[in-house]
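What follows draws every value from the coordinates through simple rules; no lab data is involved. Given the structure is predicted, the values throughout are model-derived calculations rather than measurements. Neighbour counts are summed over all protein chains in view; Cβ atoms, including those assigned to glycine, are modelled from backbone coordinates with ideal geometry.
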């Protein structure tokens, strides 16, 4: 029996071309409209604040760098006041809020908040409410529908967090230029480059996967939060430093650099143990021990032939590290998205 | 042509077999009533027919040999699941637009015309519609897809008597007017008695009787409800009409 006898006009009316992605995209965007507006307002307010502060801070910092000679008391005071006003911890202008420290710590929460809130309900809501029985029985088919449902929000999130990174970088530039903060440090690295977008993508993919697995939005959000924090901590404290073999630096003042470990060598080249270092510091002359300046200590140590060695990940490796982290996060997100599609394809009703 | 054809079809969930050794031919051109008590396997059979679930055992084809869930089967099958799941937060107009964008075949004019006749406002949110209106909207969407087969799972369960009457009238009109084959399930036969032209009685995951209403009435010389009741009570496999006749 040929298919054309099913219904009058049924055969020729069917185009073999599947439902176009643009139509599926409309469906996905319409269903996520509230989230897009809510998330957009949240990020928009944050972005506007950072833009305003970026202008103020960059101007203030320009005044610091323009001050000559840099060693003059006037210039030192200017630099100190910049730091206390905008970095945080001091009494800055009201608009600076808690300072850059607070802004950057708020930014740390963005990937997991956006990812969990956007990602967890994507499929879990359909499974919870039974609307998957509608969605998966339409002409587009469930695989194309699932791909559109997952991939489009992921692209929007990556674009939005990429834009936030660009603004944050501008906002944060004085502190990086200042040498106060290395962009390799765990407090800055995940907020710069591709990291913020990549971590957001991972959180979203993880939440969508767990939402499909549990068929429930709230447990998926909760477990995403826990797993994300564990993974982000593990990356910051243990995984990231292994992207490349550390470099070794010698010298008492290497500026702001990401130090993995450090040790002191005695004049005879022996590495000092912690207890040896403690007893040495107690034997220092009182003038050095009581000096308010940390330079007094390093000067004394240098004069007596002690050397400080540091195992570091230098700033020059920033992009190498960003791309390494971006690559494995992107890969993991890809696996999670593929896993989600696999779950949906095999899932019964 | 058979709109649903099963051979030794079985489905096992973790709690046990929901449907077992089900061999069944539902010919096209009918309003086929799938009747059985709750838990008889009606929903299982229908969800497999629309491609939502895969069988554990046996074979199932729709629309004359199509595998369920294939692009062609999806294109030509309109399905309204139990409780008519639709996106509650969307206005009716956007719900239509969603369905339109998820399908190759779509008759927007027909959908809007139907909703106008039913006095369902396009701006109203789906979640704010009455049960009857929601069921009618789901049916409208299924019909706007211009299906060859319309599958309705317990479409009347949540409706009041007037809404049931209206809904069935709409189904009959669609079947008669557009030559759509309809398969609908219910645990209450009484309400389908006047519209069904084909009857399948399912209990405990097995087909007890399957045949056209005309044949059944002629053979048994009793009312349809009485016939069904007899099979529901006894569940004697020996008395079932042979499939494929």
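Based on the alpha-carbon gyration tensor of the stretch B:83-141, what equivalent-ellipsoid semi-axes (square roots of 5 times the eigenvalues) come out, in whole Å, largest first?
Values for the stretch B:83-141, descending: 16, 13, 10 Å.
Other chains' Cβ within 10 Å of A:126-134 residues: what's the mean?
5
Send over the per residue convex hull volume for the stretch A:16-145, Cα only, as a whole number of Å³.
Spelled out: Cα convex hull of the stretch A:16-145, divided by residues, is 151 Å³.
Once a ≥ b ≥ c are taken as the square roots of the eigenvalues of the Cα gyration tensor of the stretch B:39-93, is the result rounded (a/c under 1.5), prolate (a/b larger than b/c) or oblate (a/b not larger than b/c)?
Because a/c hits 1.5 or more and a/b fails to exceed b/c, the stretch B:39-93 counts as oblate.
Mind checking the angle between helix B:131-144 and chain B's longest principal axis? C-alpha axes, 0 to 90 degrees, to the nearest 10.
Long axis of B:131-144 versus the principal axis of chain B: about 90 degrees.
Build a GNM of chain B with springs between Cα atoms under 10 Å: which of B:186, B:130, B:210 gets the top mean-square fluctuation?
Residue with maximal mean-square fluctuation among B:186, B:130, B:210: B:130.
Hey, got the average number of other protein chain Cβ atoms within 10 angstrom for residues in B:91-102?
Rounded to a whole number, the mean comes out at 5.
State the Cα centre-to-centre distance between the stretch A:203-268 and the stretch B:64-123 in whole Å.
48 Å
For the protein assembly as shown, take every pair of Cα atoms, bin their distances at 10 Å starting from 0, and report each bin as a whole percent.
3, 14, 19, 17, 13, 10, 8, 7, 5, 3, 1, 0
Against the 2.2 N^0.38 Å scaling, with N counting residues, where does the stretch B:1-54 land? I'd like the Cα-based Rg ratio to two decimal places.
Compared with the compact-globule rule of thumb, the stretch B:1-54 sits at 1.13.
Based on Cα positions only, what radius of gyration and what Dmax would you give for the stretch A:218-284, in angstroms?
Here Rg and the maximum Cα pair distance are 19.2, 62 Å.
Let's test this: bin the Cα-Cα distances of the stretch B:107-245 at 5 Å from zero up to the farthest pair and state each bin's percent.
Per 5 Å bin, starting at zero, the Cα-Cα P(r) for the stretch B:107-245 comes out as 2, 9, 18, 19, 17, 13, 9, 7, 4, 2, 0 percent.
Using alpha carbons only, what's the Rg to Rh ratio of the stretch B:39-162 with Rh from Kirkwood?
0.99
Taking just the alpha carbons, could you work out the radius of gyration and Dmax for the stretch A:143-287, both in angstroms?
Over the stretch A:143-287's Cα set, Rg and Dmax evaluate to 22.2, 75 Å.
Evaluate the relative contact order of chain B (contact order divided by residue number), counting alpha-carbon pairs under 8 angstrom at least 6 apart; express in whole percent.
Relative CO of chain B lands at 26 percent.
What angle, in degrees between 0 and 90 and rounded to the nearest 10, separates the Cα long axis of helix A:318-346 from the longest principal axis of the Cα atoms of chain A?
On a 0 to 90 degree scale, this one is about 30.
State whether the stretch B:105-176 is rounded, prolate or oblate according to the following rule on the C-alpha gyration tensor (a ≥ b ≥ c being the square roots of its eigenvalues): a/c under 1.5 gives rounded; otherwise a/b larger than b/c gives prolate, and the remaining case gives oblate.
oblate
Considering only DSSP beta bridges with both partners in chain B, what is the antiparallel share in %, to the nearest 5?
Of the beta bridges lying entirely in chain B, close to 55 percent run antiparallel.
For chain B, take the longest principal axis of its alpha carbons; what is the angle in degrees between that and the long axis of helix B:161-178, to the nearest 10 within 0 to 90?
Roughly 90 degrees between the two axes.
Please state, rounded to one decimal and in Å, the Kirkwood hydrodynamic radius that chain B gives when every pair of distinct Cα atoms enters the mean of 1/r.
Hydrodynamic radius (Kirkwood, Cα pairs) of chain B is 18.3 Å.
With chain B treated as a Gaussian network of Cα nodes joined by springs under 10 Å, which of B:12, B:208, B:114 yields the largest mean-square fluctuation?
Checking each option, the largest mean-square fluctuation is seen for B:12.
Hey, if you drop one equal point scatterer on each alpha-carbon of chain A and run the Debye formula without solvent, what base-10 log of I(q)/I(0) do you get at q = 0.12, 0.15 Å⁻¹?
-0.98, -1.26
I'd like the mean, over residues of B:174-180, of how many other protein chain beta carbons sit within 10 Å of each residue's own Cβ.
1
Regarding the stretch A:136-191, what is the average projected area of its C-alpha convex hull, in nm²?
5.0 nm²
If I model a spin label at residue B:160 and residue A:128 as a point 7 Å from the Cα along the Cα→Cβ vector, what separation in nanometres do I get?
Computed distance between label sites residue B:160 and residue A:128 equals 3.0 nm.
Would you kindly compute the Cα radius of gyration of the stretch B:1-106 and its largest Cα-Cα separation (Dmax), both in Å?
Here Rg and the maximum Cα pair distance are 15.3, 43 Å.
Could you please tell me the mean projected area of the C-alpha convex hull for the stretch A:93-205, averaged over all directions and given in square nanometres to one decimal?
Spelled out: convex hull of the Cα atoms, projected over all directions, averaged, 8.7 nm².
Report the Cα-based extents of the stretch A:240-349 along its three principal axes, largest first, to the nearest Å.
79, 28, 28
Sum -39500 (n - 2.57) across every DSSP H segment of at least 4 residues in chain A, then divide by the residue count to get the 222 nm mean residue ellipticity, nearest 500.
-21000 deg cm²/dmol
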